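We did not get these values from a lab; they are worked out from the coordinates using the rules stated. All values reported here derive from a predicted model rather than from experimental measurement.
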C-alpha cells in the first residue's frame, strides 16, 4: 500500500490521479490533499478519500471548510497558504507526492517534497523551468526520486529505460498544434478566449490550454526535458502531431527511434508514475489501430507561434531567464483570459520582458523568486502600456 499526497487535487491532473487511486484501493491510500480556491470540490474529495491533512489558499477558506466538515468523523487537519501546502508536501509517511499545482505556485511545495526525500511525480513543469539546476541538485542531495507525469516526458522516460545517454541523438517532443494549427498570425488577431480554450485532443485547465494554443506549453516542456534528462537545447526537438497518439520519441545515434503511443488520456502517465516500475491493469482504452485514419507529423511554425522560439532562447540563455520567461507568460496568459490583451499580444509581452532582463546565474531559490517577481512587475507594466 502506497501513501499518496496530491498537491493541486482539484485541478485536471489531481482529479485524474484520484480516479486512478479510486480504481485501485488495495494499492493506494490518500494521505494528504491541497487545493487553492475550489473548496467545494476539495470537500467532496475529503469525504470520499478521508485524507489526514489538507491545505487551502487562506484562512477564510480554511474556516469555511472546517465549518462544512464539522460534525463529521475523520475530520482532517486543515492548513492554509503556501506554508500550509508545503507542510502537506513534506508530511511524514508519504510515499509519493504528486505535484500538480499549476504555475510557479508549485515551486516551493514541490521543493519541500524533494528535500523530504520523497518520490515526486512531477506534473508541475514550472518547477524545473524556473529552477532546473537548483531543483535537480536538491533531488540528488536528498535522495528523492523524480518521476515525470507530463505525457511527453513520461513517454521519453519510458523510451529511455535501460538506454545509455551516449546512445541518444535527440529527444523529440510531440505537440498537437492546439486549436489554431495552420492559421497565420493575422488570422489569430481576433480569436476569443473560448476559441483558444477549445483544445482538439486534451481536456485541460484554462492556463495550460492557452499555453497549448500558443505552443508555449511545448516550449516549457523543452526546458523541462533539458533538466529532467540532462540534454542541451540542441538535442531536443518538437514535432506537430495532431492525432496525439505518439506522445514523444527518442532518436538514437544509429538512426533508429523508439516511441510511446497511447490514446490521449492523462490517467496513463499518472498511473505509470504511481506504480513504477510496474504497470496497472486497464487504466486507459487501448488504441483502436484499425480505426486510426493515419498519423501525421510536421515541423512547428515558429514564425507564427513565437512562444516556442522564445522558450528555446530562454533555455540557451540559462540562469534566471527561464524563470523570467515563465513569469511573463503567466502574466500575459491571465491578462488574455481576463480580456485585457489579444491572443497575439502574449508572445510580444514575453519577448519585451525578456529583452529588459539582465540574466543572472541562478545560484539559489531566492534569486529565482526575485527574478520571477521582477518579470511579473515588468510584464504588468507592458500590459498596461
For this session: Please work out whether region 109-219 counts as rounded, prolate or oblate from its C-alpha gyration tensor, where a ≥ b ≥ c are the square roots of the eigenvalues and a/c under 1.5 means rounded, while otherwise a/b larger than b/c means prolate and anything else oblate?
Result: prolate
Problem set entry | Relative frequency of Cα-Cα separations exceeding 21 Å in region 2-149, percent | 37 percent
For this session: Assuming a ≥ b ≥ c are the square roots of the Cα gyration tensor eigenvalues, decide whether region 344-385 counts as rounded (a/c under 1.5), prolate (otherwise, with a/b larger than b/c) or oblate.
Result: prolate
Exercise. Which value in deg cm²/dmol, rounded to the nearest 500, describes the helix-derived mean residue ellipticity at 222 nm for the chain, given -39,500 (n - 2.57) per DSSP H run of n ≥ 4 and division by the residue count?
Worked result: -14000 deg cm²/dmol
Seminar exercise, completed: Taking alpha-carbon centroids only, region 219-279 lies from region 121-143 a number of Å equal to 18 Å
